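Let me begin by presenting the structure, written as structure tokens, before commenting on it.
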Amino acid sequence: MNVTKKDTLSGPGLTTGINLQEAIPVVALAGNPNTGKTTLFNRLTGMRQHTGNWTGKTVTRAEGDTQIGSRIYRVVDLPGTYTLSAATAEERIAREFICFGQPDVTLVVADATALERNLSLVLQAMEITPRIVLCVNLIDEAHRKGIAVDIAKLEARLGIPVAATSARSGAGVPELLAKVEAAYTGAIKPAPMQVRYSPNIEHAVAEIEPLIAAQIGQRYSSRWIALKLLEGDESITEALHAYVGPVNLPPLVRAREAMV
Amino acid sequence: MIPAESVRDETMTQIYTTAAAIADEVITRKQRPIIDWDERIDQIVTSRIWGFPIMLGLLGLVFWLTIAGANVPSAMLADLLFALQEYLTAAFQWIGAPDWLHGLLVLGIYRGAAWVVSVMLPPMAIFFPIFTLLEDLGYLPRVAFNLDSIFRRAGAHGKQALTMGMGLGCNAAAIVSTRIIESPRERLIAILTNSFVPCNGRYPTLITLAAIFMGGGVAAAYSSLVTSATVVGIVLVGFVTTLTVSWALSKTLLRGVPSHFTLELPPYRKPQVGRVIVRSLYDRTVVVLGRAVKTAAPAGAITWLLANLNVGDASLLAHTADFLDPFGAALGLDGMILMAFLLGLPANEIVLPILIMGYLSTGSMTELDSLDALKSLLVEQHGWTWLTALNLMLFSLLHYPCGTTLITIYKETKSLKWAVFSAVMPLAIAIGVTFVVAQIVRLLGLV
Amino acid sequence: MSKPEIAPLCDAPIGDLVEVVGLVGDRNARWRLMDLGLIAGTKVEVLRASPLGDPILYRFRGTTIALRRTDAAIVQVRRIAPAALTGSNSERGE
């Protein structure tokens, strides 16, 4: 078995300098641009934030500390992206951090006035990690436009904790943080719904997934990695090599070819 | 075997379809008539008739606020810092420090840094908050939307309009802001041409000279109008140069096809004025200022040394200026002006003070109390004409970016080659343009 | 009634409401647009063009996005409603 266990969150583009032994819980902030994600980040971390670059890239990276209850959490503001595919450097950074950076909680921020579009990112993130909480932000703008979001129903439908906020005014933020904490401590166990694809694809995934899981263990979502490999996503292979270690891929390629 | 392409097509479609279905279930819209304000505003702001005039009007307004608003604080800050200098001088005398040490540290380093701060800080403290407010408001993507066509035809990207706008405040900050341009090729074009937009540090030079030579040449009633028109004209020259050089670059060194352009026009949001001011004061103003002072301080020291180390009967500064005179004259300038630009590499705002210092041989950076005194110094004692002033303004507009910007370019591109090019190319253009203008003006006997 | 013809999005008249039928062309270009939500079945409102004619502003899935003509050209659409009929509030913000 070729799994390389990493003790620190590091890897090209990922060096957070966080030593896992220190056990500061990490919350990753993801979401579309223009959702008020940055406003939320500023509200959480205030002046206790530090801006720099993701290693080797000219993409801004902001991280800071926030306190929920009696615990300090490290908040990492991921670049705002429309999807978690691998088209741009920002998207790669975001998806790789969520998958391989192993944040304790991934907090996805969505715009209540454009929920349909924002939900696609949420669904994609849910495929990568189950430790996820959704923040439906700009709820005041939605109200102004006559849009109402049934949070309870959304929670039930998605299977993950959801909270409505207006990061500008702070409304709903304490409830959001409570859910983040609950997700971290395990008081709430998110059970993200899975998007189901056509039988062809699901069949191929079922074949490849165990092969992947055998090599990389339970830490990372084998289903997600299997799907990306089936899509022909080259960056995932690179990422696997970088963060997990040498993964034996020929069996995977053969499994793909077996797809009808 | 299913081709990988169609797997991705299907997974994406399925995700979006699921997202849409869930959204449908949880969202309810009130049927009350909603006026779509965003749409209404955009209809005006991006319209054929009003779009451009509004942009130009806003630009003018921002300019005016920055310049007019910075005047008094700049003067006050200068008075304060130079008063402090007297205390420093007294302290140096009290401890019996040698003259040269006082000269180097106080008259050179401190004075250089003080100059940069008093010139740069007030306009930046006005410009950046306004710019950030416009950003927060959501107006800036509309500008990129309006102007993209022009930039696309120059082989560049519409968002370059925004980085240029940022460059009106500070070139170094603008270079960092080019990150909003995704395509590396177009980003590099935006970086390499950014210095053709005059930054805050160059306004005083442009305004002073325009006021003396252009505004001063007409009746008092029209003088400030002529001065403003001249400055706007210079900015337009910068704009045209940017487009031309972008076009040339995209046909030669940075060949490539126009990238895709997807720009979201977010809904307008009420900017949080308080937070914007605090954030932009810290992030953009103070940080940039810190870097500028770090580069200006050594410049002040070197300048003082050159101006006070005498070889034979004159200072090193005077000697080099004489040496460069013939070259300067060909450009419609003179040797001392070239020296001022050379020594002013670290920061644009010290070019004029160094020039005056050189002319007066005072040994330390100076300013003169009135425009009239300055005029008589330039015209009567050093033979300036309006050509000299014009070419100095053109040179200031087109020459290499300041030290801070060059360092930033290096950091952002991670390429020494491009950082050097970003200095050499504008310099070549500045020399070329001033040379041609000088020859034409003289040929036509206008001066 | 004749079947509504399929045309590239960049040719759709301002004010029309159209539905995406598919995307043609190089896969990176297609995926880039699909990433934004322009997949088959998406309803798109053609809002207006820039003062200089390009890019063009579209609204779909609750977002307003500008696309250059060359990018919009790869999206094949079918007209749903001509300009005169759009403008009802129920279409807004979809």
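The C-alpha atoms of chain B define a longest principal axis, and helix B:220-251 lies at about 60 degrees to it.
Peptide B:111-123 has a mean shielding of 0, counted as Cβ atoms of other protein chains within 10 Å of each residue's Cβ. Summing Cβ point charges (Lys, Arg +1; Asp, Glu -1) relative to the Cα centre of the stretch C:6-85 gives a dipole of roughly 120 debye. Remark: spin-label model distance B:Leu360-B:Asp38 equals 5.6 nm, labels positioned 7 Å along the Cα→Cβ axis. Based on DSSP H segments of at least four residues, each scored -39500 (n - 2.57), chain B has a per-residue ellipticity at 222 nm of -22500 deg cm²/dmol. Residue by residue, the stretch B:290-304 carries 3J(HN,Hα) couplings of x, 5, 5, 4, 4, 8, 6, 4, x, 4, x, 5, 4, 4, 4 Hz when phi is fed to the Karplus relation 6.51 cos²θ - 1.76 cosθ + 1.60 (θ = phi - 60°); x denotes Gly or Pro.
For a modelled paramagnetic label at B:Arg29, 7 Å from Cα along Cα-to-Cβ, the residues of the stretch A:142-173 in reach, with backbone nitrogen under 17 Å, are A:142-150.
If each residue of separation counts as 0.36 nm, what is the full-extension length gain between A:Ser70 and A:His241 once their alpha-carbon separation is subtracted?
57.8 nm
Modelled spin-label separation between A:Glu234 and A:Ala206, with each label point placed 7 Å from Cα along the Cα-to-Cβ direction: 3.3 nm.
Between A:Ile132 and A:Thr106, the built amide H atoms are under 5 Å apart, and every one of these is 5 or more places off in sequence or on another chain. Phi angles across the stretch B:161-175 convert, under the Karplus curve 6.51 cos²θ - 1.76 cosθ + 1.60 with θ = phi - 60°, into 3J(HN,Hα) values of 4, 6, 5, 5, x, 4, x, 5, x, 8, 4, 4, 5, 5, 4 Hz, Gly and Pro given as x. Judged by the gyration tensor of its Cα atoms, with axes a ≥ b ≥ c, the stretch A:20-185 is rounded; a/c sits under the 1.5 cut. Relative to the longest principal axis of the Cα atoms of chain B, the long axis of helix B:403-413 lies at roughly 30 degrees. Shape class for chain B: prolate, because the ratio a/c of the largest to smallest gyration tensor axis (alpha-carbon atoms, square roots of eigenvalues) is 1.5 or more and a/b beats b/c. In this structure, the amide hydrogen of A:Arg61, modeled 1.01 Å from its nitrogen in the peptide plane, lies closer than 5 angstrom to those of A:Gly52, A:Asn53, A:Trp54, counting only residues at least 5 positions away or on a different chain. Each residue of the stretch B:348-356 is assigned a 3J(HN,Hα), and the resulting list reads 4, 6, 8, 4, 5, x, 5, 4, 5 Hz, derived from the Karplus form 6.51 cos²θ - 1.76 cosθ + 1.60 (θ = phi - 60°), x at Gly and Pro. Between the stretch B:269-314 and the stretch A:188-253, the alpha-carbon centres lie 52 Å apart. In this structure, A:Ile24 and A:Ser169 have a Cβ-Cβ separation that, at R0 = 35 Å, corresponds to a calculated FRET efficiency of about 0.80. Extending 7 Å from the Cα toward the beta-carbon at both B:Asp325 and B:Val273 defines two label points whose distance is 5.7 nm. About its Cα centre, the dipole of chain A is roughly 320 debye, where the only charges are +1 on Lys and Arg Cβ and -1 on Asp and Glu Cβ.
The mean number of Cβ atoms from other chains found within 10 Å of a Cβ in peptide A:140-150 is 4, as a whole number. Note on the protein assembly as shown: dipole from Cβ charges, positive end direction compared against A:Val27, B:Ile180, B:Ile109; the farthest Cα belongs to A:Val27. Which one, B:Thr46, B:Pro123, B:Leu352, projects farthest toward the positive side of the charge dipole computed for the protein assembly as shown from Cβ point charges (K/R +1, D/E -1)? Positive-end residue among those listed: B:Thr46. Please give the helix B:51-94 orientation as an angle from the longest Cα principal axis of chain B, in degrees from 0 to 90, rounded to the nearest 10. The answer is roughly 40 degrees. Computed from the C-beta positions of B:Thr385 and B:Ile95 and an R0 of 51 Å, the FRET efficiency is 0.60 to the nearest 0.05. Placing a label point 7 Å from the Cα of B:Leu56 along the Cα-to-Cβ direction, the residues of the stretch C:17-59 whose backbone N falls under 18 Å of that point are C:51-53. Our estimate of slack between B:Leu316 and B:Leu377, defined as 0.36 nm per intervening residue step minus the Cα-Cα distance, is 19.8 nm.
Projecting the Cα atoms of B:Tyr139, B:Ala438, C:Ala72 onto the charge dipole of the protein assembly as shown, computed from C-beta unit charges around the Cα centre, puts C:Ala72 farthest toward the positive end. With a 10 Å cut-off around each Cβ of C:65-72, the average count of Cβ atoms from other chains is 6. Of the residues A:Glu234, A:Glu202, the one with the fewest other Cβ atoms within 10 Å heads the list, and the complete ranking is A:Glu234, A:Glu202. Between A:Gln49 and C:Ala40, the C-beta separation translates, for a Förster distance of 41 Å, into a calculated FRET efficiency of about 0.45. Charge dipole of the protein assembly as shown (Cα centre as origin; +1 on each Lys and Arg Cβ, -1 on each Asp and Glu Cβ, all else neutral): 1060 debye, rounded to the nearest 20. Residues whose amide H falls under 5 Å from that of B:Leu263, counting only those 5 or more places apart or on a different chain, are C:Ala66, with hydrogens built in the peptide plane.
Any read-out appearing in this document is the output of simple, stated calculations on the displayed coordinates, not a laboratory observation. Being a predicted model, the structure only gives us computed values, none of them experimental. Positions of Cβ are generated from backbone atoms using ideal geometry, with glycine treated the same way; all protein chains shown enter the neighbour counts.
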